[in-house]
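Only one structure is covered here, and it is reproduced in the block below.
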Amino acid sequence: MNVSTTRILLGLALLFASLQDSSLNAEGTSTPAPAKPAPTPYEHTAPTNPALPPPDADIWKQTWHDMKRPMPPVSTPLPEEELAARSKAPSNAIVLFDGKDLSAWQPSNWIVKDGYMEVATNSAYLVSKQPFGSMKLHLEWLSPEPKPGQDGQKRNNSGVFPMGLYEIQVLDTYNNTNTYADGIAGSIYGQYPPISNPIRPPGHWQYYDITFHHPKFDAKGNLTRAAHVTLDFNGVRVQDNVTIIGPTSGAARRAYVAHPEALPLQLQYHHDPVRFRNIWAVPIED
Ligand code: MG
């Protein structure tokens with residue numbers, strides 16, 4: 001086995017390990033901070049890589065899942081009628097869910113009814129058939145009314161994973177502050193809380209408009225461009241072209257591992273009956 005073959009096999013093994021990790025790790029619990037695993041140091045020589053934020057950037061000063069990190073202020077969502085009017089798929093969009101079936105997704109037992117899909121019990125992540133790199137992505141999600149005591153990260157958790165690796169959190173964080181700011185709805189999970197929290201109460205549709213740019217790696221697998229993302233949440237910009245510092249994870253911050261420039265989109269199975277509708281993507285060539 002020559003050196004390049006060994007590198008390729010190693011890269012595939014690391015990618016597989018990363019995907020397994022993001023699929024299997026629970027995202028924490030609603031229990032207070034002392035029950036959480038201790039924050040794990042970032043595993044990368046990140047601040048020396050010019051593709052990542054500089055050493056003095058705020059992201060490196062923040063502790064992962066810090067319960068003391070301030071919650072962002074509540075903001076006012078746009079009226080739902082206005083959001084609905086601007087959320088129709090454009091003619092060049094790839095429609096991933098139009099309320100009828102899961103034909104754009106790999107086989108799954110997620111439920112389809114009344115124009116929406118719902119996370120099934122005893123299920124798994126929903127994985128698109130088509131791989132995507134950079135893209136604009138629109139989707140709408142709804143959290144049912146929480147059960148008594150359903151709190152923190154357990155209050156109807158799901159997530160949007162561009163490339164299956166970088167989670168934009170879905171969670172009912174309407175009057176739900178018993179969790180960490182970098183894990184509320186609109187956060188880049190474990191990295192960036194949203195600038196503000198424009199969530200509607202449970203039982204209402206929430207609108208996500210995501211612009212995602214995939215990371216790039218050189219032939220040796222070194223990161224040359226970090227992923228970055230902008231998120232409009234109910235019409236309010238809550239992530240403004242933030243630089244993702246590595247794959248998101250329920251266990252710790254992770255360093256980048258080289259991967260292809262397009263991978264399937266995934267929606268998270270986190271045991272809760274979160275609903276989705278009107279999902280479409282417009283790929284970006286970059
Ligand atoms: Mg989640």
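Checked against the criterion of being under 18 Å from residue 189 (Cβ atoms) and of a type in the set (Asp, Glu), the candidates 101, 56, 66, 114 yield just one match: 66.
Of all the criteria given as (1) of a type in the set (D, E, K, R); (2) more than 22 Å from residue 228 (Cα to Cα); (3) surrounded by 19 or more Cβ atoms within 10 Å (Cβ to Cβ), the one not satisfied by residue 66 is (3).
Take the residues in region 75-131 that are among the hydroxyl-bearing types (Ser, Thr, Tyr) and surrounded by fewer than 16 Cβ atoms within 10 Å (Cβ to Cβ); name whichever of them is nearest to residue 277 (Cα to Cα). Explain how you work it out, then say what you get.
Filtering region 75-131 for residues among the hydroxyl-bearing types (Ser, Thr, Tyr) gives 75-76, 87, 91, 103, 108, 116, 121, 123, 125, 128.
Checking the rest, the ones that are also surrounded by fewer than 16 Cβ atoms within 10 Å (Cβ to Cβ) come to 76, 91, 103, 121, 123.
Values: 76: 22, 91: 18, 103: 14, 121: 18, 123: 18 Å.
Looking at residues that are among the hydroxyl-bearing types (Ser, Thr, Tyr) and surrounded by fewer than 16 Cβ atoms within 10 Å (Cβ to Cβ), I get 103.
Listed by first and then second residue, the pairs linking a residue in region 214-243 that is touching a residue at least 40 places away in the same chain (Cβ under 8 Å) to a residue that is of a type in the set (Asp, Glu), with Cβ atoms under 6 Å apart and 6 or more places separating them unless they lie on different chains, are 214/261; 224/218. Screening the candidates 137, 96, 102, 171 for the property of being of a type outside the set (Ser, Thr, Tyr) and either under 13 Å from residue 270 (Cβ atoms) or within 15 Å of the ligand (Cβ to nearest atom) (or both) yields one hit, 171.
In this structure, does residue 178 turn out to be more than 13 Å from the chain's Cα centre (by Cα), at pLDDT below 95 and within 16 Å of the ligand (Cβ to nearest atom)? Judged against the criteria, residue 178 is a match. Tell me whether region 157-164 contains one or more residues that are within 16 Å of the ligand (Cβ to nearest atom), over 15 Å from the mean Cα position of the chain (by Cα) and on the phi < 0 side of the Ramachandran plot. Taking every residue of region 157-164 in turn, none turns out to be within 16 Å of the ligand (Cβ to nearest atom), over 15 Å from the mean Cα position of the chain (by Cα) and on the phi < 0 side of the Ramachandran plot.
In this entry, residue 275 is excluded by the filter for residues that are within 26 Å of residue 80 (Cα to Cα), over 13 Å from the mean Cα position of the chain (by Cα), among the basic types (Lys, Arg) and surrounded by fewer than 19 Cβ atoms within 10 Å (Cβ to Cβ). Here the condition is being in contact with an Asp or Glu (Cβ under 7 Å, 6 or more places away or on another chain) and either at pLDDT below 95 or not hydroxyl-bearing (Ser, Thr, Tyr) (or both); of 106, 130, 153, it holds for 153 alone.
Taken together, the residues in region 233-269 that are of a type in the set (Asp, Glu) and within 23 Å of residue 57 (Cα to Cα) amount to 1. Given the condition in contact with a Pro (Cβ under 6 Å, 6 or more places away or on another chain), among the β-branched types (Val, Ile, Thr) and within 24 Å of residue 214 (Cβ to Cβ), answer yes or no: does some residue in region 43-54 qualify? Looking through region 43-54, none of the residues is in contact with a Pro (Cβ under 6 Å, 6 or more places away or on another chain), among the β-branched types (Val, Ile, Thr) and within 24 Å of residue 214 (Cβ to Cβ). Just checking, does region 188-204 include any residue being within 16 Å of the ligand (Cβ to nearest atom), within 18 Å of residue 283 (Cα to Cα) and touching a residue at least 12 places away in the same chain (Cβ under 8 Å)? Looking for residues that are within 16 Å of the ligand (Cβ to nearest atom), within 18 Å of residue 283 (Cα to Cα) and touching a residue at least 12 places away in the same chain (Cβ under 8 Å), one finds none in region 188-204, hence no.
Restricting the search to strands (runs of 3 or more DSSP E) fully inside region 193-286 and requiring at least 3 residues that are within 23 Å of residue 174 (Cα to Cα) gives 205-213, 228-233, 236-243, 275-283.
Of the residues that make up region 74-85, is at least one closer than 26 Å to residue 201 by Cβ, part of a loop (DSSP other than H, G, I, E, B) and touching a helix residue (DSSP H, G or I) at 6+ places or on another chain (Cβ under 9 Å)? Checked region 74-85: at least one residue is closer than 26 Å to residue 201 by Cβ, part of a loop (DSSP other than H, G, I, E, B) and touching a helix residue (DSSP H, G or I) at 6+ places or on another chain (Cβ under 9 Å).
The values are calculated or read from the model by the stated rules, or taken from the named source; none is laboratory data. Bear in mind that the values here come from a model prediction, so they are computed numbers and not experimental data. Glycine also receives a Cβ, built like all others from the backbone with ideal geometry; neighbour counts cover every protein chain displayed.
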